[in-house]
Amino acid sequence: MLSPVSDTPVNDSQRTIAIRKAIIKAGKAFRERYPFLRHQNAIGLGIFLTSLAAITVASIAYLKGALPVWLLIPWNAFWMGIIHEMEHDLIHFMYFRKQKWVADLMLGTGWLVRPLTINPWFRRELHFHHHKYSGTMHDVEERGVTNGEKWNFKRLLITPDLLLGGILRAVSIRKDIVQSVKDGQLSRTQALRFKFIKQYGMLPFTFLLYVIWYTFLIHFAIHGISGWMGWTYSSPSWLEAQFQWINPLVAILIAPNILRQFCLHFITSNLHYYGDVESGNIMQQTQILTAWWTFPMQLFCFFFGYTHAIHHFHVNETFYIRHLTRHQAWEAMRANGVRFNDLGTFNRANRYHKVNAPA
């Protein structure tokens, strides 16, 4: 006699399906309750334009002397965090699928507002690869934001800085990709494509803006050290003249993005697991990260730690719906064993299993 079939998930594949169904059900119920949410294109465009307007108004106020720089930087960083979420949704083709030019215009404008990131069309390739191979040695997107590294001063230094991180870890990331090719996990064509994206994905905006940022830091570091040591140093007049446009560019665009990127990269690199996950097993890819002390960082990446794991289980949902339905999603995720605030990952260099943590 056959035993009755149980509805209780017994393996990670079944648990993943159960969680995905709960997430989809919650989103559907919310849209039925609030029919205006079905106007996804209009809502997305409205959020995008509101964010741009908030950044523009604050920047103009700063230039006119009506807003201090200490308030401008976090204000712009907050809205840039929302634009990053919009870019992520656009990468997944969630808005204007039938009017591709509008979606591309939004992607391009979002890149101009967040120019320290890589080309968003290149990022789409890395991001789709990330979803397919999250947590593996060749998950280039997450490796690029320090996932899998031991926590030390080096990781802290490169957390907000894609260019410096790429330079300091070029050898280790290349070794990972080469090993993935040798193991048959990655084709040579894909490896060469990643190399192309690494070389050209930061042109023209990202590389140029980082050079300006480093110039700004070095210039004022020299002046600060000179003053502290009692030396008399003055920069050439031609160089001082450049800071008439460099200073406002840093205040309006670069510094807010450095703040935003540090917060986002810290949260995302620590909610994703790396190195010892079962390929394709969504249950092992991410955790929910909501620890109280992460709140300041969550603020500048629109509480990415609260909802990104939800996205891994159901990719075709907008960021704002994920937030509106997160409690229902969390209930299903917790019941099926998804980790919440697994802070031990900071000591394990993001390994999923304690036994595989690097020494």
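Just so it is clear, none of the values below were taken in a lab; they were calculated from the coordinates. As the structure is a prediction and not an experimental result, all values here were calculated from the model. Here Cβ is always computed from backbone atoms with ideal geometry, including for glycine, and neighbour counts include all displayed protein chains.
For the stretch 1-96, the Cα gyration tensor yields ellipsoid semi-axes of 44, 17, 11 Å (square root of five times each eigenvalue, largest first, whole Å). Evaluated with a Cβ-only charge set (Lys, Arg +1; Asp, Glu -1), the chain carries a dipole of roughly 540 debye about its Cα centre, given to the nearest 20.
Amide H to amide H distances under 5 Å link T286 with Y273, where only residues 5 or more positions off or on other chains count and H is placed in the peptide plane.
For the chain, hydrophobic long helices are taken as DSSP H runs at least 27 Å long by C-alpha position along their axis with mean Kyte-Doolittle hydropathy of -1.0 or more; these are 12-33, 40-63, 69-91, 205-229.
Shown here for the stretch 63-145: trypsin sites (Lys or Arg not before Pro) in loop regions (DSSP other than H, G, I, E, B) with at most 16 other Cβ atoms within 10 Å, namely K64, R97, K98. Note on the chain: GNM, Cα springs under 10 Å; of G184, G46, G144, the largest mean-square fluctuation is that of G184. Applying the criteria of a DSSP loop state and at most 16 other Cβ atoms within 10 Å to the chymotrypsin sites (Phe, Trp or Tyr not before Pro) of the stretch 218-289 yields W231, Y233. Using equal-weight Cα scatterers in the Debye expression, the normalised intensity of the chain in log10 at q = 0.08 Å⁻¹ is -0.44. What is the chain's relative contact order, in percent, from Cα pairs under 8 angstrom and six or more apart in sequence? Reported relative contact order: 26 percent. With springs only between Cα atoms under 10 Å apart, run a GNM on the chain and tell me which of I225, I73, I177 wobbles the most. Highest fluctuation among the options: I225.
Among the listed pairs K21/K198; K25/K132; K21/K182, a Cα-Cα separation exceeding 26 Å is found for K21/K198; K21/K182. From its DSSP helices (H runs of at least four residues, each -39,500 (n - 2.57)), the chain gives a residue-normalised ellipticity at 222 nm of -20000 deg cm²/dmol. Considering only F48, F36, N11, and ranking their Cα positions along the charge dipole of the stretch 7-67 that arises from unit charges at the beta-carbon of Lys, Arg, Asp and Glu, the one farthest toward the positive end is F36.
For the chain, modelled as a Gaussian network with Cα springs under 10 Å, which listed residue fluctuates most, M86, M229, M94? Evaluated over the chain, the most mobile residue of the options is M229. Amide H contacts of T136 (H built 1.01 Å from N, in plane; Pro and chain starts excluded): G275 sit under 5 Å, all sequence-distant by 5 or more or on other chains.
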